[in-house]
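Q: Sharing a structure with you now.
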């Protein structure tokens, strides 16, 4: 198996696509891969030779793809943007579809930006651009597994347990009927803001995102909220 | 109040000083929030501070307008890991909370009447990590006599840069045993009258609905013979959030505001307040003691004739807007550091 074929396999680039060129920058831990459609490769060449672009081909675009080991991978292609091929990306999105799906799934379970950027070695602006585009396009159908109960560590520290995202306590808190004894400014503002954002919006995935954020508020502030956290949940459950 | 009792010893509020005293404090070390008129700020030495332009203060002797004095507030910090200063233009302001420490607080100063001020006002509630980390601050302004002659500015004291188009933020980590608490003191309440709604986030208002009926806000205020010194007030889950009226252009049928109103939020006119100082003292009774840092609004200074009058428990700059997570008007904002129970 030659190197290009190896990377085609590693990056899950299927037929009729192939790796046309590879560049590996060891110092910057960066991998650049040029992919082309086999049936269209001649067309791309001819288009360039003739000074025009055939249908389906455009200027070269670069999308950030899933990392390969410790290397950041960038896919270059003259093919038109695609919302289907995992190794290509959409117009205006800095990531390939595979990377965008991975980032979206982490955002959907409430992972904070800093954690995503650090873990995947991503630029904050790119992640923000993806999220902004998702909101603009209402493409909020990314489903993601539940974060699971990440609170074992918290609850073991003598703090009251923070309910899982599926607990009805979050919906009741968002409904706002039993929050009168919440005195903390940041929580009041967060609740009001979330209620405003969800008003007249029938989007279950957006609602889940907001519940994840609300839950993350309690996780982040668990120690500071300790004197009243249990009371807040008890009030809402009544 | 339980939380007030747990507030820490350490820096409590600031002091109105001469420029030489302020410079000496900066040179002595520590981290500071500083407010003064622009020429004075320019004379201060580089150091661990951020600041903003403003000549209105509440000092130990009451409200004061000074082009010479400097308000200096020592800030609580951690011995482990120093604070860091960041500057943000309007395009990058959205990352302010992401840049903030996981545990600590952020003090931000925004120059008034700039794109970065407007961006914060409109979009801060939607910034990533907003409300999850403590953010507070104020809007830098100018002497009202200087309008159209000078520009407000925030200052990065680490290199003495005056920023007329950028916000300056100080991100301060705290030890795990401490927590920063942001609070507000607002003497205004809804008058439980008409409910006003707006179709979009804006500083300039024409159309609105009043009790569900289409209306023009300028016309509505005229019909009500409303006292324009009183803000519009929204109830955010129990916290009263003000939006102050800047001007009414009856010819255009437009109302200019000092902060944007938001769609989906119900506003009411504020109930009239008798004596500001008395109302403030009542509101402050449970809140203000032991604060590390606080700001009040210049509109409270002007409308309530606070020059020469004290608001016990508060001293600090009187500003062109306050930040307690989102932008506020006619509100005192404070930050206190509490020690967490072990």
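Q: Taking N as the number of residues in the protein assembly as shown, what value does Rg over Cα atoms divided by 2.2 N^0.38 Å take?
A: Rounded to two decimals, the normalised Rg is 1.08.
Q: Counting only DSSP beta bridges with both residues in region B:1-151, what percent are antiparallel, rounded to the nearest 5?
A: Within region B:1-151, antiparallel bridges account for around 50 percent of the total.
Q: Here is a follow-up. Would you mind getting me the FRET efficiency between residue B:60 and residue B:266? Use the beta-carbon distance for r and R0 = 51 Å, nearest 0.05.
A: 0.80
Q: Further question on the same structure: On average, how many beta carbons from a partner chain sit within 10 Å of the beta carbon of a residue in B:94-101?
A: That works out to 3 on average.
Q: For B:171, B:80, what ranking results if the residue with the fewest other Cβ atoms within 10 Å of its Cβ goes first?
A: Fewest-to-most Cβ neighbours within 10 Å comes out as B:80, B:171.
Q: Just checking the output field for B:263-269: average partner chain Cβ neighbours within 10 Å of each residue's Cβ?
A: That works out to 2 on average.
Q: Apply the Debye scattering formula to region A:152-237, with a single equal point scatterer on each alpha-carbon and no solvent, then give log10 I(q)/I(0) at q = 0.15, 0.19 Å⁻¹.
A: -0.52, -0.85
Q: I would also like to ask the following. Kirkwood hydrodynamic radius for region B:196-269: how many Å is it when counted over pairs of different Cα atoms?
A: 12.1 Å
Q: Taking the Cβ-Cβ separation of residue A:181 and residue B:176 as r and a Förster radius of 45 Å, what is the calculated FRET efficiency to the nearest 0.05?
A: For R0 = 45 Å, the calculated efficiency reads 0.95.
Q: Also: So what is the relative contact order for chain B, in percent, with contacts set as C-alpha pairs under 8 Å and at least six apart?
A: 24 percent
Q: For residue B:247 and residue B:42, compute 0.36 nm times the residue count separating them, minus their Cα-Cα distance, and round to one decimal in nm.
A: Contour length minus the Cα-Cα distance gives 70.6 nm.
Q: Using Cβ counts within 10 Å as a stand-in for footprinting exposure, how do A:36, B:123 rank, fewest first?
A: Ordered from fewest to most neighbouring Cβ atoms within 10 Å, A:36, B:123 come out as B:123, A:36.
Q: Grab the eigenvalues of the alpha-carbon gyration tensor for region B:27-160, scale each by 5, take roots, and send me the semi-axes largest first in whole angstrom.
A: 24, 20, 13
Q: Also: Give me the one-decimal nm value for the distance between modelled label points at residue A:18 and residue A:1, 7 Å along each residue's Cα-to-Cβ direction.
A: 1.7 nm
Q: Right, another one. Would you mind computing the Rg to Rh ratio of region B:86-145 from its alpha-carbon coordinates, Kirkwood style for Rh?
A: Rg divided by Rh gives 0.99.
Q: Here's something else I'd like to know. Quick one, can you get me the convex hull of the C-alpha atoms of region B:195-342 expressed as volume per residue in Å³?
A: 127 Å³
Q: Please report the base-10 log of the normalised intensity I(q)/I(0) for chain B, using a Debye sum with one equal scatterer per alpha carbon and no solvent, at each q in 0.10, 0.12, 0.13 (1/Å).
A: Here log10 of I(q) over I(0) equals -0.56, -0.81, -0.96.
Q: Which semi-axes, in whole Å and largest first, does the equivalent ellipsoid of region B:258-323 have when worked out from the alpha carbon gyration tensor as the square roots of 5 times its eigenvalues?
A: Calculated on Cα positions only, the semi-axes equal 22, 15, 14 Å.
Q: Sticking with this structure for a sec: Calculate the mean, over all residues of peptide B:235-247, of how many other protein chain Cβ atoms lie within 10 angstrom of the residue's Cβ.
A: 4
Q: If each residue's Cβ is checked for other Cβ atoms within 10 Å, how do B:117, A:76 rank with the fewest at the top?
A: With the sparsest Cβ surroundings first, the list reads A:76, B:117.
Q: Once every Cα of region B:118-208 carries one equal point scatterer and solvent is ignored, give the base-10 log of I(q)/I(0) from the Debye formula at q = 0.16, 0.26 Å⁻¹, two decimals.
A: The calculated log intensity ratios at q = 0.16, 0.26 Å⁻¹ are -1.10, -1.34.
Q: Follow-up. Taking Cα pairs under 8 Å and at least six residues apart, what relative contact order does region A:152-237 come out at, in percent?
A: 47 percent
Laboratory data are not the source of any read-out in this text; all were calculated from the coordinates shown. Values in this document were obtained by computation on a predicted structure and should not be read as measured data. FYI the Cβ positions are ideal-geometry reconstructions off the backbone, even for glycines, and counts take in every protein chain you see.
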